[in-house]
Amino acid sequence: MDKNSIISKFKPDNDNLLNILHELQNTNPNNYLSTDDLKLVAKYLNTTYSSVYGVVKYYSMFSLKPRGKYVIRVCKSPLCHMIDGNGLIEHIKQNIGIGLGETTNDHVFSVEASECIGHCDEAPVIMINDKVYKGLDSEKIKEIFQGIKSNQ
Ligand code: FES
């Protein structure tokens with residue numbers, strides 16, 4: 001589906017800005033929003049490029065650079081960080097070979113830091129695309145990546 005068709009599924013109302021950006025990003029195989037995407041959205045909503053850009057920069061779930069098919073968000077808010085330290089990041093690195101802010105060469109995985117994911121009672125927590133994984137340890141991390149890799 002081309003980008004105009006994706007955008008036009010939504011009414012040209014500023015209230016739809018976040019939904020449009022999510023849809024564009026989610027349908028991009030490289031999981032990001034390009035400059036042209038932002039211009040297209042600004043034109044559709046009859047607003048400025050800089051206001052769309054400001055929203056994209058404000059929300060950490062949006063990216064302006066290409067990412068992997070699977071975006072791993074590691075919660076670094078105080079509770080998860082207090083319980084886990086940098087353990088999850090180390091375990092992730094052992095499984096896929098990359099750390100925070102990196103993307104694998106095959107563009108399958110990216111790892112990012114995240115604010116609280118909203119499941120503090122089961123810390124430490126990560127999110128992979130839209131799915132939340134809670135109460136993690138090295139074994140659970142290993143199982144998660146074995147599962148993803150076997151589905152590739
Ligand atoms: S602090 Fe990590 S999910 Fe809330």
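Laboratory data are not the source of any read-out in this text; all were calculated from the coordinates shown. Because the structure is a prediction, the values reported are computed rather than measured. Heads up, the Cβs are rebuilt from the backbone with ideal geometry, glycines too, and the neighbour counts pull from every protein chain shown.
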Semi-axis lengths (Å, descending) of the ellipsoid that matches the C-alpha gyration tensor of the chain: 31, 17, 13
Region 92-106 versus region 33-76: alpha-carbon centroid distance in Å: 22
Under 20 Å from the Cα of residue 65 - aspartates and glutamates, other chains or at least 8 residues apart: 2, 23, 36, 37, 102, 106, 112, 115, 130
Principal axes of region 70-150: Cα extent on each, largest first, Å: 33, 22, 22
Proportion of all alpha-carbon pairs of region 33-76 beyond 17 Å (%): 38
Cross-link table 93/140; 11/39; 76/149, entries beyond 20 Å C-alpha to C-alpha: 76/149
Calculated P(r) of region 1-75 - Cα pairs past 15 Å, %: 50
Simple spin-label estimate for residue 137 and residue 113 in nanometres, 7 Å along Cα-Cβ: 2.7
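Counting only helical runs of four or more DSSP H residues, what would the 222 nm mean residue ellipticity of the chain come to if each run contributes -39,500 (n - 2.57) and the total is spread over all its residues?
Details: 7 runs with 65 residues, N = 152.
Here the helix-only value at 222 nm equals -12000 deg cm²/dmol.
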The chain, relative contact order in percent, only Cα pairs under 8 angstrom and at least six apart counted: 19
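For residue 151 and residue 120 in one chain, what is 0.36 nm times their gap in residues minus the Cα-Cα distance, to one decimal in nm?
Numbers: separation 31, 0.36 × 31 = 11.16 nm, distance 2.89 nm.
Length gained, residue 151 through residue 120: 8.3 nm.
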For the chain, Cys with no neighbouring Cys Cβ under 4.7 Å: 116, 120
